[in-house]
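Peer 1: Please see the structure below; I have some questions.
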C-alpha cells in the first residue's frame, strides 16, 4: 500500500536523460574525505602523558578518560611515542606484577605511524589495517594536532550512511 502522499508519475515527469541512482559524489565521498573532517567532530582534547610518568598513571588516565591509547609527549609538546592498552597488556604478560611501576618510556611505541589532517581517510584506514594499529596521531607541520582511531572512523562513516539513507528516503517519498 502506497503512502497517502504518493502520487503516481505522469507523462512528462521523467526526463530520459536524468538518472536517480546514487551520485558519483555520494559514492566517492568516503574516498575523498580528509582526516580533518573526522577530527572536526571530536572534542579537540588530546590526551597525553609524559615519558617519565608510570604505567599506573597511564592506566588511570585511560580508565578515567575511557580511551585506549595515550600520546607520549615531552614538556614542549613534541610527540615521542604512543602507549596503547595492547602495549601494557603484553608487558603485563611478560613481567607480571612489575609492569605498573615502570615508566611510560619503557613501553611506548616509538615506531608509530602518523597522518596529516589533509590525508585521505581511506588511505589512513588502509595504513591502520596494514600496520595493525587502532590509534594514529595526526601531525601538521611537525606538531601534534590530534589523534584518530578506528572507532572515530566507524562512527563518522555510520553518520554518513545514516545521512545518505535519509536523503534516499526523502527522494523516494518526495
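Peer 1: For residue 86 and residue 158 in one chain, what is 0.36 nm times their gap in residues minus the Cα-Cα distance, to one decimal in nm?
Peer 2: 23.3 nm
Peer 1: Can you classify the stretch 30-173 as rounded, prolate or oblate using the Cα gyration tensor, where a ≥ b ≥ c are the square roots of its eigenvalues, rounded means a/c under 1.5, and otherwise it's prolate if a/b beats b/c and oblate if not?
Peer 2: prolate
Peer 1: Modelled label-to-label distance, residue 52 and residue 111, 7 Å Cα→beta-carbon offset: nm?
Peer 2: Using points 7 Å along Cα→Cβ, the separation is 2.8 nm.
Peer 1: Between residue 118 and residue 93, what is the spin-label point distance in nm, taking each point 7 Å from the Cα along the Cα→C-beta axis?
Peer 2: Here the modelled spin labels are 4.1 nm apart.
Peer 1: Still on this structure: With r as the distance between the Cβ atoms of residue 165 and residue 126 and R0 = 41 Å, compute the FRET efficiency 1/(1 + (r/R0)^6) and round to 0.05.
Peer 2: 0.95
Each value in this text was obtained by applying a stated rule to the coordinates, not by laboratory testing. A quick note: this is a predicted structure, and the numbers were derived from the prediction, not measured. Heads up, the Cβs are rebuilt from the backbone with ideal geometry, glycines too, and the neighbour counts pull from every protein chain shown.
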